[in-house]
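See below for the structure under consideration.
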Amino acid sequence: MNCEELLKALNDHVDGAELTELCEEFSQHLAGCNPCQIVVDNIRQTISLYRAGEPYEMPAAFQERLQQSLKSRWEEKFGSISTGSSTVGFRETGLDRPSEN
């Protein structure tokens, strides 16, 4: 197994494919390939951080810039949404508010 095959196998695994038949080759490759060890370690750390689920409050200034950027892009791409007697813009879609999840 080379680095390219290992990365494809990782992508397939993330997409839900079963990798049991590749585990031995995967382990052998990782044992001798430091760059792939780093990639796999970074993926493991990312998954651990995600699972920890600690929310991070965005700074207000960053949140405002992000909302303005999204609003501009939305309006460039879609304009305002007409719903018959009224026009719905970015703010009315709820996209300007943080999700409650």
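The values are calculated or read from the model by the stated rules, or taken from the named source; none is laboratory data. Predicted, not measured: the structure shown is a model, and the values here were computed from it. Ideal geometry is used to build each Cβ from the backbone, glycine not excepted, and the neighbour counts take in all protein chains shown. What goes into the accessible areas is simple: the full protein's heavy atoms, side chains included, and nothing from ligands, DNA or RNA. Shrake-Rupley method; radii C 1.70, N 1.55, O 1.52, S 1.80 Å.
Are any residues in the range 24-83 open to solvent by 100 Å² or more (accessible area, probe 1.4 Å) and within 21 Å of the chain's Cα centre (by Cα), and if so, which ones?
Hits for the range 24-83 are Arg44, Gln45, Leu49, Tyr50, Arg51, Glu54, Pro55, Tyr56, Glu57, Arg65, Arg73.
Report every pair of residues separated by at least 6 positions or lying on different chains whose Cβ atoms are under 9 Å apart, first residue within the range 36-62 and under 30 Å from Ala9 (Cα atoms), second open to solvent by 90 Å² or more (accessible area, probe 1.4 Å).
Ile43/Val14
Here is a list of conditions, (1) at pLDDT 90 or above; (2) touching an Asp or Glu at 6+ places or on another chain (Cβ under 7 Å), and Phe90 meets all of them except one; can you say which number that is?
(1)
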